[in-house]
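Undergrad: Got a structure for you, written out below as structure tokens; questions coming shortly.
The values are calculated or read from the model by the stated rules, or taken from the named source; none is laboratory data. Keep in mind it's a predicted model, so treat the numbers as computed, not measured. Cβ atoms come from the backbone with ideal geometry, glycine included; neighbour counts cover every protein chain shown.
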Amino acid sequence: MPAPAERDAVPPATGYQIRRLVETDAAEFQALRLLGLQESSQAFAASYEEEADTPMSAIAERLADPEAAVFGAFDPALIGVVGVYRQAKAKMRHHGHIWGMYVHPAARRRGVGRALVLEAVDFAATALRLRYLTLGVNVANRAAIDLYRSIGFVPIGVERDFLVVDGLFQDELHMRCDLPQGPGPSR
Ligand SMILES: CC(C)(COP(=O)(O)OP(=O)(O)OC[C@H]1O[C@@H](n2cnc3c(N)ncnc32)[C@H](O)[C@@H]1OP(=O)(O)O)[C@@H](O)C(=O)NCCC(=O)NCCS
């Protein structure tokens, strides 16, 4: 089995390259993550203040988790990221969750976001062999909702007042994407 960084390399047909992040990417990942938490605070449940002091060792450990992955787009610096993980509880191990989708403002509308989510979905289906994926997105985030819909995520419900950002309630749209190869019991 090739190393994750090699396995996930995608030809740079559109000027950027996508691969799975590894432990040595921790600092670059954290810098982009913190930019996103500041620049697009309504898009994330996490806040800059909560994550700014996260030790690099904890970030590297997260990148090394075999039951999860963070994919990055490089041009040549890191310009976009998305994470995916398997739910840990024994009764929920057939599904996973997408988190932390972020593309640097200067790199948007080049297909980076879609390419990243497609890579995460492929990893969930083939490496983790999950049955389905979920994600949450602010109901006002039209760009992200359209992106997820174009990949096959469908709305499964709205949770009112899910976040409070800058003193204002934000509703969350929960979405789900069924995966083709996922094993599991019949209904
Ligand atoms: C949402 C985000 C990830 C999209 O990244 P991107 O690389 O610009 O997206 P893509 O170029 O791959 O676009 C894919 C599709 O998303 C939709 N989309 C993306 N940006 C859009 C915009 N500004 N307005 C409307 N639709 C948009 C379109 O349907 C687009 O498909 P098209 O180009 O064929 O029309 C990016 O805007 C971002 O990082 N936003 C801030 C953080 C965020 O909202 N994260 C999501 C948290 S759930």
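Undergrad: Output the number of the condition that residue 173 fails; it satisfies all remaining conditions of (1) modelled with pLDDT under 95; (2) within 25 Å of residue 111 (Cα to Cα).
TA: The failed condition is (1).
Undergrad: Can you name the number of the only condition in (1) over 15 Å from residue 172 (Cα atoms); (2) in contact with a helix residue (DSSP H, G or I) (Cβ under 8 Å, 6 or more places away or on another chain) that residue 141 fails?
TA: Condition (1) is where residue 141 drops out.
Undergrad: Now, a different point. Can you name every residue in region 39-73 that is part of a helix (DSSP H, G or I), surrounded by fewer than 18 Cβ atoms within 10 Å (Cβ to Cβ) and of a type in the set (Gly, Ala, Ser)?
TA: Selection gives 41, 57, 58.
Undergrad: Quick one: would you say residue 36 is modelled with pLDDT of 95 or more and either assigned to a helix (DSSP H, G or I) or within 26 Å of residue 170 (Cβ to Cβ) (or both)?
TA: When the stated conditions are applied, residue 36 passes them.
Undergrad: Only residues that are of a type outside the set (S, T, N, Q) and under 15 Å from residue 133 (Cα atoms): list them for region 71-88, please.
TA: Of everything in region 71-88, those that are of a type outside the set (S, T, N, Q) and under 15 Å from residue 133 (Cα atoms) turn out to be 82, 83, 84, 85, 86, 88.
Undergrad: Can you confirm whether residue 27 is more than 21 Å from residue 137 (Cα to Cα), among the small types (Gly, Ala, Ser), within 16 Å of the ligand (Cβ to nearest atom) and modelled with pLDDT of 95 or more?
TA: For residue 27, the condition - more than 21 Å from residue 137 (Cα to Cα), among the small types (Gly, Ala, Ser), within 16 Å of the ligand (Cβ to nearest atom) and modelled with pLDDT of 95 or more - is not met.
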